[in-house]
Every structure is written in C-alpha cells, then in structure tokens.
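So the structure is just underneath, and the comments pick up after that.
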Amino acid sequence: MAKHPVPKKKHSKSRRNTRRAHDALSAPTLATCQECGNKKVPHAVCLECGSYKGRQVVAISD
Ligand SMILES: [Zn+2]
C-alpha cells in the first residue's frame, strides 16, 4: 500500500484541462525607451542608455 497521498481515482480529461486553463505563458510586456527607442521593461531604467522618463539617471559604461 502507498503511504503517501495518491489519488484514488483518475481525474477526467475535463478536470485535467480545467486545471491547465491558467498554465499558458504570456509574452513579457515591453515599453519603448523615449531616449534611444530600444525595448525596455516598463517603469524601469533603460538598460541601453540608462535613462528614465527622458532623463539620464544611470551612467553607461563601455
Ligand atoms: Zn534607452
């Protein structure tokens, strides 16, 4: 006998599919940088030019 939790009955395809209804991945949201036009994460400093809201906030090295 199994001593760990094992389902007594096989779940139906409907129940399995219902469980997986929320499994789909969505593409990450991307905003366009006002300074350099590159794609960036919204509400975050641009990784390309170091600007935020049209203002330079991080110095870019290399
Ligand atoms: Zn930028």
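If you go through segment 33-62 and keep only what is over 17 Å from the mean Cα position of the chain (by Cα) and not in a loop (DSSP other than H, G, I, E, B), you end up with S51, Y52, R55, Q56. Aliphatic (A, V, I, L, M) and surrounded by fewer than 11 Cβ atoms within 10 Å (Cβ to Cβ): is that true of A59 in this structure? So A59 fits the description; yes.
Inside segment 16-43, can you point out the residues that are β-branched (V, I, T) and within 16 Å of the ligand (Cβ to nearest atom)? T32, V41 - these are the residues of segment 16-43 that are β-branched (V, I, T) and within 16 Å of the ligand (Cβ to nearest atom).
We did not get these values from a lab; they are worked out from the coordinates using the rules stated. None of the values given here were measured: they were computed from a predicted structure. Ideal geometry is used to build each Cβ from the backbone, glycine not excepted, and the neighbour counts take in all protein chains shown.
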